[in-house]
Amino acid sequence: VRYVPVPVVAGSVAISSYKIEFSLTPTFTKVETSIESNDGGVFVQQSPLLTVGRYFYTRVSAANTLGYGPPRIFNELAGVRVLDVPWPPQTIVSATQGDRSITVSYTTPTDTGGGNQEEPIQKFRLELSTSTTFDTIEFVSESPLTTQTMTGLTPGVYYFIRVFASNVVGYGPPFTLGGLQALPVQAITTPSAPSVLDAYVSAPLAITVAYKPPEQPGGLGVEILSYKIELDDDSGFHHVDATVEVFSRDLPLEGKHELTYGTRLLKTVSGLTKGVIYHIRVTAYNSLGAG
């Protein structure tokens with residue numbers, strides 16, 4: 001409790017002390033705690049009133065040689081509620097991978113600082129670290145929302161995730177994804193470009209394209225789901241003449257057009273136009289989309 005002492009005026013009677021009183025009612029029919037002070041403030045460390053969620057009332061009186069004068073009551077209509085920092089968020093609902101990003105969703109704590117969920121949460125703090133102990137924090141974000149997205153992450157790097165909630169008192173303890181067995185999430189990105197190794201006429205009105213998977217699939221263990229092979233007489237590929245999609249789950253398919261020789265992939269595109277010179281491009285796809 002902080003208060004402004006009565007100003008000292010020349011010739012006036014000096015204030016000898018101040019009395020700070022606490023009660024559970026605004027009428028102070030019963031004073032629970034009474035403390036004297038003369039320095040403009042008092043810090044109450046122990047009191048039967050200081051239980052989380054309870055409302056109490058405070059008043060301050062000044063005394064001179066004649067005794068105490070009338071008190072000043074703080075926030076007489078509402079009182080003051082005893083608060084603690086919030087509990088951790090109940091859980092991290094999801095941590096969704098995006099292109100060099102992770103979107104984290106979580107829930108409000110069961111106890112937001114007043115023994116229930118009545119006290120507003122001001123902000124959530126989201127932290128990402130490459131260490132299970134969070135010795136170093138690589139990314140930090142604060143928001144009042146229950147979903148935040150961290151961007152600019154390094155593909156292939158695994159990040160541990162934790163979230164704090166705060167109220168007017170401050171931040172409480174965190175909730176870590178995976179709990180005691182912290183669970184990391186890998187940052188991924190779209191694949192790099194495949195290599196087009198060769199293209200040749202393999203049948204009437206047909207061209208076989210030889211290509212190689214991208215060197216960077218988007219992250220460690222990230223699967224290439226499919227390839228798109230496009231042929232066009234325009235090098236800008238503004239109006240694609242032929243498009244063929246190859247799904248990785250179908251490779252290799254013996255006896256069909258798709259064959260694999262190590263990392264060399266073959267695909268025959270048929271139904272082309274005689275005499276047309278075609279430009280060829282190949283795009284790889286992973287769970288995020290096209291590279």
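The values are calculated or read from the model by the stated rules, or taken from the named source; none is laboratory data. Every value quoted in this text rests on a predicted model; they were computed, and no experiment measured them. Cβ coordinates were reconstructed from backbone atoms using ideal geometry, including for glycine residues, and neighbour counts include every protein chain displayed. For the accessible areas, the whole protein counts, side chains as well, though only heavy atoms, and no ligand, DNA or RNA atoms are used. Shrake-Rupley method; radii C 1.70, N 1.55, O 1.52, S 1.80 Å.
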Practice task
Would you work out the relative contact order for region 1-145, in percent, from Cα pairs under 8 angstrom that are 6 or more residues apart?
Solution key: 16
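List the longest stretch of the chain that has no exposed loop site; here a site is one of the trypsin sites (Lys or Arg not before Pro) assigned by DSSP to anything other than H, G, I, E or B, with at most 14 other Cβ within 10 Å. Write out the running numbers ahead of the final one.
Values: sites that count: 30, 256, 274.
Between the exposed loop sites, the longest stretch runs 31-255.
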Practice task
Would you mind classifying region 173-231 by shape? Square roots of the alpha carbon gyration tensor eigenvalues, ordered a ≥ b ≥ c; an a/c under 1.5 is rounded, otherwise it is prolate if a/b is larger than b/c and oblate if not.
Solution key: prolate
Fill in the blank from the handout: Measure of exposure for residue 145: accessible area at 1.4 Å probe, Å² rounded to 10, is 110
Handout entry: Projected label distance in nm at residue 249 and residue 181, using a 7 Å step from Cα toward the beta-carbon
Key = 2.9
Practice task
Take the alpha carbon atoms of region 10-153, find their radius of gyration, then divide it by 2.2 N^0.38 Å using N residues; give the quotient.
Solution key: 1.61
Problem - Mean separation of Cα contacts under 8 Å (6+ apart) over length of the chain, as relative contact order % - result: 12
Completion exercise
Rounded to whole Å², per residue accessible area for the chain with a 1.4 Å probe reads 57
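Over region 169-248, what percent of the accessible surface lies on carbon and sulfur atoms, probe 1.4 Å?
56
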Exercise for the section: Would you mind checking region 6-31 for residues with the amide N under 13 Å from a putative spin-label position 7 Å along Cα→C-beta of residue 76? Expected result: 26-28
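From the C-alpha coordinates alone, can you work out the Kirkwood hydrodynamic radius of region 93-247, in Å?
Result for region 93-247, one decimal place: 19.0 Å.
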Handout entry: Förster radius 22 Å - calculated FRET efficiency between residue 94 and residue 125, Cβ distance, rounded to 0.05
Key = 0.75
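So what's the projected area for the chain, the Cα convex hull averaged over all directions, in nm²?
26.0
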Problem - Within the accessible area of region 6-121 (1.4 Å probe), percent carbon and sulfur - result: 54
Completion exercise
GluC sites (Glu not before Pro) in region 75-134 lying in a DSSP loop, each with at most 13 other Cβ atoms within 10 Å of its Cβ, come to 76, 118
